[in-house]
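Contents: one structure, followed by commentary.
The values are calculated or read from the model by the stated rules, or taken from the named source; none is laboratory data. Remember, it's a predicted structure, so these values are computed and weren't measured experimentally. The area values use the complete protein model at the heavy-atom level, side chains included, leaving out ligands, DNA and RNA. Shrake-Rupley method; radii C 1.70, N 1.55, O 1.52, S 1.80 Å.
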Amino acid sequence: MRIAFLSLALLFVCIYQGSAQQVSISGKVVDTLDHISLSNAVISLLQKKDSVLYQFSRSDKNGNFKIDKVIPGKYQLLISYPKFADYSDDINITSQIDLGTIPLTQKSLLLKEVVVRSGQAIRIKGDTTEFAADSFLVRDGATVDELLKKLPGFTVNSKGEITAQGKKVDKVLVDGEEFFGDDPTMATQNIAAKAVDRVQVFDTKSEQQNLKGIATGNEGKTVNIKLKDDKKKGAFGKVQGGTNFKDLSDAKAMYNYFMGKKKVSVYATKSNTSTGSLDWQDRQKLGLQENDMEYDEIGGYYYSFGSNDDFNDWSLRGLPNAYSAGALYSNKWNEDRQNVNGSYRFNRLGTINETTTRTQNVLPDTLYYTNQSTKTKGINQQSAVNFKYEWKIDSLASVKLTSADIYKTTQAFNTTYSESLNEDSVFVNTSNRTNDIDKTRRQSDNALTYKQLFHKKGRQLLATLRLGFTDDQQTDQVKALTTYYQNGSIDHADTLDQQKNINGHSLTTGSKITYSEPLSTKWSMIVEYSYNQNNAAAHRNTFNKNANGKYESLDSLYSNNFNVNAFAHSGTTTFRYIGKKIKFAFGSGLSSVKLKLANVDTKQQNTFNFLNVTPQLQLGYTLKQQTNLSLRYQGTTSQPSIDQLQPIRDNSDPLNVFIGNPNLKVGFTHNINLNYGSYKVLTGRYIWVG
């Protein structure tokens, strides 16, 4: 009877399991450092209750895997690959699951960093600090900038300017992609906090700096906003606005559409309370970032692309009247081997500004006072196009083309009244001056980068070609009445009525090669050579008004035309050591700069030669888990600019006439940074000191 009962029960279980719903799980295994697909990795599915092997499979040549006929339940996923740390994760299978890309970390890399994987709000990986967004409470409808105010080490001022760990945030990415150029506020003020999964902060670095492991010490911080997976599907957008129904208004509209890895975004703003530019929440929603993050053992993650944006709120002075609009398209295809990201932005910013300054000047033999009031009205307009195309030829080689193009016009009119008084508050001089400026700039910066990895770990080659040009056209009309006093009475007065035509052209070509060679398991040597050439022309002609009312009489004293040819050779050698607790890099660079300055008016030619030495050191020490100390030193030289060397007189302000000095020498700057960071997992305490 007992045997019959057991047989019946076993038959019932077999029938039940055979009829239960069966699903499948899939994913892709890659190297987290070099992003190379790992073939023949072992993927095991263990039963959660007793760790007994349920099923296993291997990844194909592209790193993809799939396990079929899985009965829903709780399992443990284990992925193994030679020389890589095992990957383990608990999963609850209820339906078909695509685990996406699963990165494996090399065992040697685990000796160089600490990866905290827990339910805590903060995680530290190398020099990158990551915050779990849901661990910080914000109000319903809050944007990313409100979320950032809650994060330890972050401050956000009324203009949206962000400081993280004591440094200004100059880049904001969304899922590693650039967001409408480089205005951080484009993303922060337009992406909802509830759409954010994680916030990462790390030093802003170039690809060459990442390879060498040494930064300049002047870098800002980059923030990367990782969105939740369910927020990256379909379409979403927002419309917001506010007005006092008189003279103040602020309106913004944004739309995003996702289709697979393709993204299309558009936005428009109108405001006279800000510049109307997007904050980094909106920029990240629109995806105006590029996927240029890599990991470096000393410096952590890095990002490098873009240029300064004159239309952000950070540099705003005066009452604005702003319009902006933009569009973005990005896409990845061919298993992410090809990637394109292009965007267009239009900005129009009109400002009215009134400024009053009072100055006391203390000299060895006297002191005097200066009072000045200025009224300025101006309009800036800009069209900016950014483009990036990246092609990963194979698992070892890639090519990237970037282009940033700007067309900008500036119209400004300002009136200035100033007065200087002696220590007895008696007039020394007074001045009434107007400046009317009309300027146009065309600028293009282009770079082609080739990256070659090798089968020998740590060996890498980077080669970059650059081409850039700038064209400036400016007309400046200056009118001034300057009155001079003697013993409190008018002595004499000077009048000025001139037109200045300023034209500038610059063509820059350059190349850079960086090569890294591993000397041992812990030591590597990085050598770099670059050559840059700049051909420029600066023509500044000043005309006095004739009796016929036209500006035709050349004033040679305030006119100068010259051409410049600059040649620069630079080389650096850096040694890098990666140990269990100590990581450091040191080296020095040597550059030779030659300037050929030709005065078109006098036919005189001058040649200047500068020799620059750039010592550098970066040290990182792990005191204990999650407690790090770092020291960075950078020595840099700075040669005088062309305007400083060429004896050009600038009388835009007749009371303060500047002239160049051809005898200026090279300057040298020492930059030292010391940082301490500590995080306790159990208590969630985070300390950063710089």
| remark: Relative contact order as a percentage, the stretch 491-571, C-alpha pairs under 8 Å and 6+ apart, gives 32
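Over the stretch 503-633, what relative contact order in percent results from Cα pairs under 8 Å that are six or more residues apart?
Working: 301 pairs, mean separation 24.4, N = 131.
So the answer I get is 19 percent.
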| request: Skip the ligands, DNA and RNA, and give the accessible area per residue of the stretch 336-403 with a 1.4 Å probe, whole Å². | output: 56
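Filter Lys375/Lys500; Lys107/Lys171; Lys28/Lys226 down to the pairs with a C-alpha to C-alpha distance above 26 Å, please. Provide the component values of the computation, followed by the final result.
Values: Lys375/Lys500 21 Å; Lys107/Lys171 31 Å; Lys28/Lys226 20 Å.
Violating the 26 Å limit, Cα to Cα: Lys107/Lys171.
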| query | When only Cα pairs under 8 Å and 6 or more residues apart are kept, what is the percent relative contact order across the stretch 330-408? | reply | 32
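Using only the alpha carbon atoms of the stretch 501-603, find the Kirkwood hydrodynamic radius as the inverse mean reciprocal pair distance, in angstroms to one decimal.
Details: mean 1/r = 0.0559 Å⁻¹.
Answer for the stretch 501-603: a Kirkwood hydrodynamic radius of 17.9 Å.
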| task | Have a look at the stretch 432-578 and give its Rg and Dmax from the Cα atoms, expressed in angstrom. | result | 26.5, 84
| remark: Expected field for Glu161, accessible surface area in Å² at 1.4 Å probe radius, rounded to 10, holds 50
